[in-house]
Amino acid sequence: MATATRTRPVGDLLRDWRRRRRLSQLELSNEAGISTRHLSFLETGRSRPSRDMVLRLTERLDVPLRERNALLMAAGFAPVYQERPIDAPEMRPAREALNKVLDGHEPYPALVVDRRWNLLLANEAAMLFLEGVPEELVRPPVNVHRLALHPLGLAARVVNLSEVRAHLVGRMARQVALSGDEELRALHEETRAYGGEDDHVHEPSHDIVLPTRMRYGDQVLSFFSTVTTFGTAADVTLAEMAIEAFFPADDATADYLRGRARKS
């Protein structure tokens with residue numbers, strides 16, 4: 001027997017997103033070009049927003065595309081943003097762009113993840129991060145955030161673990177706050193519990209970028225990374241993807257990765 005899912009009123013959802021962005025009604029109404037009174041009526045349900053009003057407010061609130069669709073449906077409108085699988089024919093230009101980025105980053109690691117940090121694509125160099133990891137952590141879908149912090153995952157190799165853990169846990173906390181994603185919240189709570197709350201010692205040399213130092217045999221490899229997203233994505237799947245590209249933080253790491261690529 002099918003169970004009906006109760007949708008929260010659109011006014012409640014708008015108010016939640018406004019508070020999540022730490023905006024007052026006055027600030028949001030000024031940004032959206034409407035009166036504070038009208039915004040108050042929308043949030044309390046005394047007025048019903050038009051389709052264009054939902055889109056205008058969610059744009060000002062920087063609501064993710066998936067959640068914009070949810071607000072539209074709560075207001076009684078059809079979703080605007082499509083969600084195509086990455087292997088759909090229409091996504092071919094995006095796939096080609098992603099593969100060009102991954103291939104072009106060799107011999108350094110690069111990978112593509114979804115909004116919950118599940119691994120979607122990776123270049124050959126990124127396979128370094130999966131070596132020696134227990135099967136349960138590399139069984140698809142591989143969650144990169146869990147892989148990084150699990151005691152049997154990459155955390156076992158990281159020399160400066162307390163620093164890296166503080167950075168990754170903090171990054172996830174910010175993502176949870178911005179997205180309101182309950183599955184991300186559960187992942188955050190899970191991975192935060194992996195390690196202790198030990199204080200890390202700040203090193204002035206890390207004021208520009210925090211390296212992740214990992215031990216492979218007698219070699220300590222040092223990386224920093226960048227995260228790139230599609231800035232003009234109008235598809236939910238594409239908007240939620242991110243490319244994390246790793247760069248050598250010292251000459252020894254660069255030499256190691258180049259030598260590894262030549263041997264493969």
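Between Gln82 and Val209, the contour length at 0.36 nm per residue exceeds the Cα-Cα span by 42.1 nm.
Here the label points at Arg192 and Leu152, each 7 Å from Cα along the C-beta direction, are separated by 2.5 nm in the simple model. Every pair of different Cα atoms in the chain enters the Kirkwood calculation, which places the hydrodynamic radius at 21.0 Å. Of all stretches in the chain that contain no GluC sites (Glu not before Pro) in a DSSP loop with at most 13 other Cβ atoms within 10 Å, the longest one is 1-130. Entry note, the chain: the mean residue ellipticity at 222 nm calculated from DSSP H runs of n ≥ 4, each adding -39500 (n - 2.57), is -13000 deg cm²/dmol after division by the residues and rounding to the nearest 500.
Name the residue, out of Arg192, Arg165, Arg92, whose mean-square fluctuation peaks in a Gaussian network model built on the chain with Cα pairs under 10 Å. Maximum among the listed residues: Arg92.
Using a simple spin-label model with pseudo-atoms 7 Å out from Cα toward Cβ, Arg21 and Asp251 lie 4.9 nm apart.
Extension gain, Arg37-Arg258: 0.36 nm per intervening residue step, less the Cα-Cα distance, totals 73.4 nm.
Across segment 64-79, the residues whose backbone nitrogen lies under 17 Å from the label position 7 Å along the beta-carbon direction of Leu178 are 64-68.
Each residue of segment 15-23 is assigned a 3J(HN,Hα), and the resulting list reads 5, 4, 5, 5, 5, 4, 8, 6, 10 Hz, derived from the Karplus form 6.51 cos²θ - 1.76 cosθ + 1.60 (θ = phi - 60°), x at Gly and Pro. One Cα centroid belongs to segment 96-146, the other to segment 228-247; the line between them spans 14 Å.
A short reminder: the numbers here are calculations on the coordinates, not readings from a lab. Predicted model, so just to flag it, every value in this text is computed and none were measured. Counting neighbours? That spans all protein chains shown, and the Cβs are built from the backbone with ideal geometry, glycine included.
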